[in-house]
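Shown next, in C-alpha cells, is the structure this report addresses.
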Amino acid sequence: GVDFAILRIGYRGYTEGSLREDSWFAENYAAARAAGVQVGVYFFSQATTLEEAREEARFVLDEIARTGVQPTYPVVFDQEPITNDSARTDSLTDEQLTSNALAFCKEIEGAGYQPMIYGNQHDLARLDLSGELGNYDIWYAEYGVDEPTGRVDFTIWQHTASGTVGGIPTTEGQIDMNIRFLE
C-alpha cells in the first residue's frame with residue numbers, strides 16, 4: 001500500500017553548519033526501490049545565506065550523482081527551526097528564509113529535477129509564497145487532524161509521525177506517513 005517515500009539524503013548541522021550525508025540513505029533507497037516504491041529526496045537545511053542554500057542544493061545534486069539515485073518524486077527543501085536547542089538559523093528573517101528556499105529550488109530546477117518545499121503552518125507562514133517561491137509545490141505537515149487546516153495549496157500532506165509500515169524497522173518504531181494529492 002505504499003506508493004512513494006521521500007528520503008533524507010543529507011543535512012546541515014545546526015550549530016557548526018557542516019554538510020553531511022544521511023548515513024541510512026543508500027540502504028533506505030535500495031530497500032524502497034526493491035519494494036517498487038517511487039522515491040524523492042529531501043535535505044534538512046540550516047542555511048543562513050543564499051550561498052549556503054545553493055551549496056546545499058549542489059550537495060544534494062552531487063549525492064544524487066554519486067549514489068546513482070534516480071528520483072521519481074521531488075527534491076525537497078526542508079528548513080525547520082530547531083526547537084530544543086540554539087541554532088545558527090535562529091535570527092533569520094522571513095525574507096532570508098524565503099530567499100534561501102528560492103535559491104535552493106532554482107538550483108535543483110536548473111539541474112532538471114522537480115523542487116518542492118516542506119513545512120508546517122508556522123514554517124510556511126514565514127515564507128513569501130505569493131511571489132516566485134509560490135511556483136513550487138508544497139509538502140505540508142500537520143498532525144492530529146482528520147483533514148488539513150492549513151491555508152496553503154499543497155500536493156503532499158504529512159498527516160502523522162506515528163505510522164508503521166511492515167518491513168520498515170525504526171529505532172522508535174514510528175515513521176512519517178504522507179498522502180499525495182493527484183493533480
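Percent of accessible area on the stretch 82-126 owned by carbon and sulfur, 1.4 Å probe? Don't skip to the answer; put the middle values down first.
Values: 950 of 2310 Å².
Ligands and nucleic acids excluded, carbon and sulfur give 41 percent.
At 222 nm, what helix-only mean residue ellipticity would the chain give, in deg cm²/dmol to the nearest 500, using -39500 (n - 2.57) for each DSSP H run of four or more? If you can, show how the numbers build up before the last one.
Values: 4 runs with 50 residues, N = 183.
That calculation yields -8500 deg cm²/dmol at 222 nm.
Taking the highest mean first, how do the peptides 38-44, 49-55, 161-167, 175-181 order by number of other beta carbon atoms within 10 angstrom per residue?
Highest-to-lowest ranking by the protection proxy: 38-44, 49-55, 175-181, 161-167.
Express the accessible area of the chain per residue in Å², computed with a 1.4 Å probe while the remaining protein chains stay in the model. Please list the in-between numbers first.
Working: 9890 Å² over 183 residues.
Dividing the accessible area of the chain by its residue count gives 54 Å².
Please report, as a whole percent, how much of the solvent-accessible surface of the stretch 1-60 comes from carbon and sulfur atoms (probe radius 1.4 Å). Could the numbers behind the result be given before it?
Numbers: 1420 of 2890 Å².
Percent of accessible area from carbon and sulfur atoms in the stretch 1-60: 49.
Among Thr49, Ala161, Thr93, whose Cα projects farthest towards the positive end of the dipole of the chain, with charges put on the beta-carbon of Lys, Arg (+1) and Asp, Glu (-1)?
Going by the charge dipole, the pick is Ala161.
For the chain, what is the percent of antiparallel DSSP beta bridges, rounded to the nearest 5? Walk me through the numbers before you get to the answer.
On the way: 8 of 30 bridges.
Given both bridge residues lie in the chain, the antiparallel proportion sits at roughly 25 percent.
In Å and whole numbers, how far do the C-alpha atoms of the chain stretch along each principal axis, longest first?
Principal-axis extents of the chain (Cα, largest first): 41, 40, 35 Å.
Counting DSSP beta bridges in the stretch 75-183, what percent are antiparallel, to the nearest 5?
Within the stretch 75-183, antiparallel bridges account for around 30 percent of the total.
The values are calculated or read from the model by the stated rules, or taken from the named source; none is laboratory data. Not measured: the values here are computed from a predicted model. Reconstructed Cβ throughout: ideal geometry from the backbone, glycine too, with neighbour counts over all protein chains shown. In case anyone asks, the SASA skips ligands and DNA or RNA and just uses the protein heavy atoms, side chains included. Shrake-Rupley method; radii C 1.70, N 1.55, O 1.52, S 1.80 Å.
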